[in-house]
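Visitor: Input: one structure, supplied below.
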Amino acid sequence: MLPDGRDVTLMVNGTATEASVPSGEFLLDTLRNRLGLLSVKEGCQSAACGSCTVLVDGKPRLACITLTLDAVGVPARTVESLSTDLGAAMHPLQEAFARNYATQCGFCAPGMLMSALAVIESNTEQTEASIRRALSGNLCRCTGYVQIVRAIADASERMNGCHDQGGAEE
Ligand code: FES
Ligand code: FES
């Protein structure tokens with residue numbers, strides 16, 4: 001065990017994982033550096049960009065400001081949970097991002113995908129406005145938001161059969 005650490009069990013992507021974690025460590029560092037989940041991106045480290053967004057208990061959380069000890073025993077999900085087998089079919093949400101050209105450099109994509117997944121899995125009817133609200137904490141600096149909103153509406157329609165069919169606007 002680390003000198004100031006605690007041995008904890010984290011429930012990440014459906015698997016119980018033991019880790020020794022310093023009490024002040026943030027989930028971003030635990031997921032990337034201890035569990036090797038490199039989809040979780042380190043952008044601003046100050047709750048401003050959304051690139052580190054993961055789901056904790058089904059809700060989007062910024063891993064850069066979430067203490068790992070606050071996530072002990074609570075189900076957490078990263079993009080690695082979407083497609084567990086390289087070469088296997090992508091998750092419908094990832095397919096929708098590809099089909100709608102919703103990534104360029106891809107740095108923001110993991111955070112976008114997890115914010116989008118939370119709203120799609122809420123299984124409520126999505127509108128362009130509700131999708132934009134769900135993405136309000138996620139910044140993209142190269143694709144822009146039109147294709148991303150279209151992709152999420154597309155995925156919502158295919159996965160839940162509901163969205164307002166409205167065209168995304170700049
Ligand atoms: S790295 Fe967490 S919000 Fe930017
Ligand atoms: S695709 Fe490059 S920041 Fe969004």
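Residue by residue, here is whether (1) away from ligand 2 (no atom under 16 Å from the Cβ); (2) modelled with pLDDT of 95 or more holds:
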residue	(1), (2)
Ser46	yes, yes
Asp57	yes, yes
Thr68	yes, yes
Val72	yes, yes
Thr84	yes, no
Met90	yes, no
Asn100	no, yes
Gln104	no, yes
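Visitor: Let me ask another. For the stretch 1-19, name all the residues that are part of a strand (DSSP E or B) and either among the charged types (D, E, K, R) or surrounded by 12 or more Cβ atoms within 10 Å (Cβ to Cβ) (or both). Lay out the reasoning, then the answer.
Guide: Taking the stretch 1-19 as the starting set, the residues that turn out to be part of a strand (DSSP E or B) are 5-12, 15-19.
Of everything in the stretch 1-19, those that are part of a strand (DSSP E or B) and either among the charged types (D, E, K, R) or surrounded by 12 or more Cβ atoms within 10 Å (Cβ to Cβ) (or both) turn out to be Gly5, Arg6, Asp7, Val8, Leu10, Met11, Val12, Thr17, Glu18, Ala19.
Visitor: Would you kindly identify the strands (runs of 3 or more DSSP E) lying entirely within the stretch 27-129 that contain at least 1 residues that are touching a residue at least 24 places away in the same chain (Cβ under 8 Å) and surrounded by fewer than 16 Cβ atoms within 10 Å (Cβ to Cβ)? Reasoning before the result, please.
Guide: Numbers: elements: 53-56, 59-62, 75-77.
In the stretch 27-129, the matching strands (runs of 3 or more DSSP E) lie at 59-62, 75-77.
Visitor: Right, Val21: of a type outside the set (S, T, N, Q), under 12 Å from the mean Cα position of the chain (by Cα) and not assigned by TED's automatic domain parsing to the domain that holds Phe107 or not?
Guide: No; evaluated as a whole, the condition is false for this residue.
Visitor: Considering only residues that are within 16 Å of ligand 2 (Cβ to nearest atom) and over 17 Å from Pro92 (Cβ atoms), which ones fall in the stretch 117-133?
Guide: Across the stretch 117-133, the qualifying residue is only Arg132.
Visitor: Filter the stretch 141-158 for residues that are hydroxyl-bearing (Ser, Thr, Tyr) and more than 17 Å from Asn123 (Cα to Cα) and give the result.
Guide: Of everything in the stretch 141-158, those that are hydroxyl-bearing (Ser, Thr, Tyr) and more than 17 Å from Asn123 (Cα to Cα) turn out to be Thr143, Tyr145.
The values are calculated or read from the model by the stated rules, or taken from the named source; none is laboratory data. Bear in mind the structure is a predicted one, so any value in this text is a computation, not a measurement. Virtual Cβ from ideal backbone geometry, glycine too; neighbours counted across all protein chains shown.
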